[in-house]
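*Asks:* My structure is below; once you've seen it, I'll send some questions.
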Amino acid sequence: MAPVLRLEDVHTDIGQYQILHGVSLDVPEGGVHVILGRNGAGKTTTLRTIMGLWKARRGAILFRGENISRLPTPDIAQRGIAFVPENMGIFGGLTVEENMRLATKDGRFDAERLARIHDIFPAIGQFWNKPAHALSGGQKQMLAVSRAIVERRELILIDEPTKGLAPSIIRNMIAAFREIAEETTILLVEQNFHFAKALGQTVAVIDDGGIVHRGAMAELATDVTLQSRFLSLSLEAH
Amino acid sequence: MTDTNASFPARVTAGFDRFGGVLWLPVLLAIVALLLIGQPSTWATLTIAGLAMGMMIFLMASGLSLIFGLMDVLNFGHSAFVTAGAFIGATVLAWLGFWVTGSNPALNVMGLLIAITVATVFGALAGWFFERVVIRPVYQDHLRQILITVGALIVAEELVLLVWGGAPIPVPRPAALTGSFVLGGVSVEIYRIFAFLLGLAVYIAMYLVLNRTRLGLLIRAGVENREMVEALGFRIDRLFILVFMAGSALAAMGGAMWAGYQGLITAAIGSEMMILVFIVVIIGGLGSIQGSLLGAILVGLMANYVAFLMPKMALASNMLLMMTILLWRPYGLLPAVKR
Ligand SMILES: Nc1ncnc2c1ncn2[C@@H]1O[C@H](COP(=O)(O)OP(=O)(O)OP(=O)(O)O)[C@@H](O)[C@H]1O
Ligand SMILES: [Mg+2]
């Protein structure tokens, strides 16, 4: 099947620094696909470039065959791509409900989806009318993910959702992501290999602004040599 | 909040916030002023003057605060809209002649409303032009924003001098709004009541738009995190232009009201108000309408009380107010962004 998203030789500069030097990547349709890499490798930059928040200097970003690399961010979002940034991007002064409502196209909720979200993340319902700045870190992360799925998306980009979360919450997240991945495609940036391994179908390892390994997650998960080659860099192999 | 391990100041602050917190500051200021002034009737007159002035400053400040908060633009040209509003309001009032000066109160008030409306509409259109030509090329570059908006301000003031000349211009005040009535031994100027009510109406309208509409939701979200609003699929540049036009329109409205209050205006009318307007925006919290209202009332009251008690200290007192508040709350009294 044709990939949902294809990056072809993407180069991104931030200011005067060249951060990505030719990232090429295929994200197949459906399921969870993971980008691993140590701190500063370029994971966040890759997601922000896809979202149009940094502009690629060179290369193409094909979303269902259309090059979106020159589009403004809102147009990219309107194609059905949702973004859960590293800092979660929660509007603290808005209520949980308002945060969610902003992510709908016309301000109306689909009751059935909302009920399912409340099932997956009970905290969302519980704090529905509370200001979002009052949520805990884990609850904010749940809100950030809920916001991305309040309507069906074609592709969800998620940047390190497990950062700072307790193991029990991480287990919930794994279950939640499995459910979400049944209807959409997730491109997940992670440093937590345990989490990545539990979810990912394919994996790409990025280092120093370029992809250094690409393959099936099952292969990397079982091959200790591969792991030590690509993950020893700094990944905590929980 | 019942955490016994919390430090004493933290507990005091928590208790303070629970009972309305900073919203009591104007009341506190008024009580202190009453003790210092002594005569209740003088105090009442000054309080009403302070509230009216506060509401007019609120008109000028609220738009600037939203422009700061949403667009991250330092617009030192904001006072040009105040000045333009003042001169256009004064000119329209003069054109309307007997409407304004005649003895029919309905026509008087209509005349004033027409003048304010023309000034406000002009502010909106000029704001549209200003955003397109002056601001748009310098988004995300504070230094150039300061330089170019200060430059634009100078040009605008020169234009006012060119059209209206350098001599002070008298502003006809509608007959029905001139003078005062006595209430419980306190003389109340009618124009002040009008100014207060108009400011209040604008505040309520802004509050409703910001809190009850989708546009308002987008603006509040944009003040917190522009990038995320775009990542959710909304064109933030369309919000920018709307907010800039609204802010400029409000500044012009405030200018027209202030002109009627002053009775005599010069091309410096906007710049003279700007220090107070910036103080209001800073102590209220950038991007916060509630903060702007609270700050404006504090500044208006302070200016009037101190002008009576120690005339030489009028401006310095508001500077001191700002410094004290910033030491206590670095993000202002009611910051829009919750950390
Ligand atoms: N705004 C910026 N200005 C300059 N350099 C930046 C900026 N943002 C990121 N970089 C640099 O780009 C490189 C890649 O950063 P990026 O945030 O993509 O890494 P990452 O893989 O997401 O790391 P982490 O795991 O720490 O989140 C780093 O060397 C970083 O220092
Ligand atoms: Mg990162």
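*Asks:* What ranking do A:26-35, A:107-116 get when scored by the average of other Cβ atoms within 10 Å per residue, highest first? Spell out each step's value before the answer.
*Replies:* Working: A:26-35: 20.0, A:107-116: 12.2.
Ranking the peptides A:26-35, A:107-116 by packing returns A:26-35, A:107-116.
*Asks:* Ranked from the most accessible area to the least, with a 1.4 Å probe and all protein chains present, what is the order of A:His213, B:His78? Don't skip to the answer; put the middle values down first.
*Replies:* Numbers: A:His213 20, B:His78 0 Å².
Final ranking, largest accessible area leading: A:His213, B:His78.
*Asks:* Using the Karplus equation 6.51 cos²θ - 1.76 cosθ + 1.60 (θ = phi - 60°), what ³J(HN,Hα) coupling, rounded to whole Hz, does each residue of region B:180-196 give in order, writing x for Gly and Pro?
*Replies:* So the Karplus estimates, Gly and Pro as x, are 8, 10, 9, 10, x, x, 10, 7, 10, 6, 5, 4, 5, 4, 4, 4, 4 Hz.
*Asks:* Hey, got the average number of other protein chain Cβ atoms within 10 angstrom for residues in A:65-78?
*Replies:* Counting Cβ atoms of other protein chains within 10 Å of each residue's Cβ and averaging gives 3.
*Asks:* With θ taken as phi - 60° and the coefficients 6.51, -1.76 and 1.60, list the Karplus ³J(HN,Hα) couplings across region B:93-101 in order, rounded to whole Hz; mark glycine and proline as x.
*Replies:* So the Karplus estimates, Gly and Pro as x, are 4, 5, 4, 5, x, 5, 3, 7, 8 Hz.
*Asks:* Just to confirm, what accessible area per residue do you get for chain B at 1.4 Å probe, in whole Å²?
*Replies:* I get 45 Å² per residue for this part.
*Asks:* On average, how much accessible surface per residue is there in chain A, in Å², for a 1.4 Å probe, leaving out ligands, DNA and RNA?
*Replies:* 42 Å²
*Asks:* Inside 10 Å of the C-beta atoms of B:220-230, what's the mean count of C-beta atoms belonging to other chains?
*Replies:* 6
*Asks:* What are the ³J(HN,Hα) values, in whole Hz, obtained from phi via the Karplus relation 6.51 cos²θ - 1.76 cosθ + 1.60 with θ = phi - 60°, for each residue of region B:29-39 in sequence order, with x given for Gly and Pro?
*Replies:* 4, 5, 5, 4, 5, 4, 4, 6, 7, x, 7
*Asks:* In a shell of Cβ-Cβ distance under 13 Å around B:Ala84, excluding B:Ala84 itself, what net charge do Lys and Arg (+1) and Asp and Glu (-1) give?
*Replies:* Summing Lys/Arg as +1 and Asp/Glu as -1 gives -2.
*Asks:* I'd like the interface area for chains A and B: accessible area of each alone minus the complex, both sides summed, 1.4 Å probe, protein heavy atoms only. What is it in Å² to the nearest 100?
*Replies:* 1800 Å²
*Asks:* Right, something else. Which value at 222 nm does chain B reach when only helices count, each DSSP H run of 4 or more adding -39,500 (n - 2.57), with the total divided by all residues and rounded to the nearest 500 deg cm²/dmol? Don't jump to the answer; show the numbers that get you there.
*Replies:* Numbers: 14 runs with 242 residues, N = 339.
Counting only the DSSP helices, I get -24000 deg cm²/dmol.
*Asks:* Another question, then. Mind checking which lysines have their C-alpha under 27 Å from B:Lys312, skipping anything on the same chain fewer than 8 residues away?
*Replies:* Correct list for B:Lys312: empty, as no lysines qualify.
*Asks:* What is the percent carbon and sulfur in the accessible area of region A:89-152, measuring with a 1.4 Å probe over the protein chains and ignoring ligands?
*Replies:* Numbers: 1300 of 2680 Å².
Within region A:89-152, the accessible surface is 49 percent carbon and sulfur.
*Asks:* Enter the Cα centre distance for the pair region A:97-145 and region A:150-228, rounded to the nearest angstrom.
*Replies:* 23 Å
*Asks:* To continue, here is another question. Give the long-range amide H neighbours of A:Gly30: residues separated by 5 or more places, or on another chain, with amide H under 5 Å away, using H modelled in the peptide plane at 1.01 Å from N.
*Replies:* The list, which skips near neighbours in sequence, is A:Thr185.
*Asks:* In terms of modelled amide H atoms, which long-range or inter-chain residues lie less than 5 Å from the amide H of A:Arg64?
*Replies:* HN-HN under 5 Å from A:Arg64: A:Leu5, A:Arg6.
The values are calculated or read from the model by the stated rules, or taken from the named source; none is laboratory data. All values reported here derive from a predicted model rather than from experimental measurement. With ideal geometry, Cβ positions are generated from the backbone for all residues, glycine too; neighbour counts draw on all protein chains shown. When the accessible area is computed, the model is the full protein with side chains, heavy atoms only, and any ligands, DNA or RNA have been set aside. Shrake-Rupley method; radii C 1.70, N 1.55, O 1.52, S 1.80 Å.
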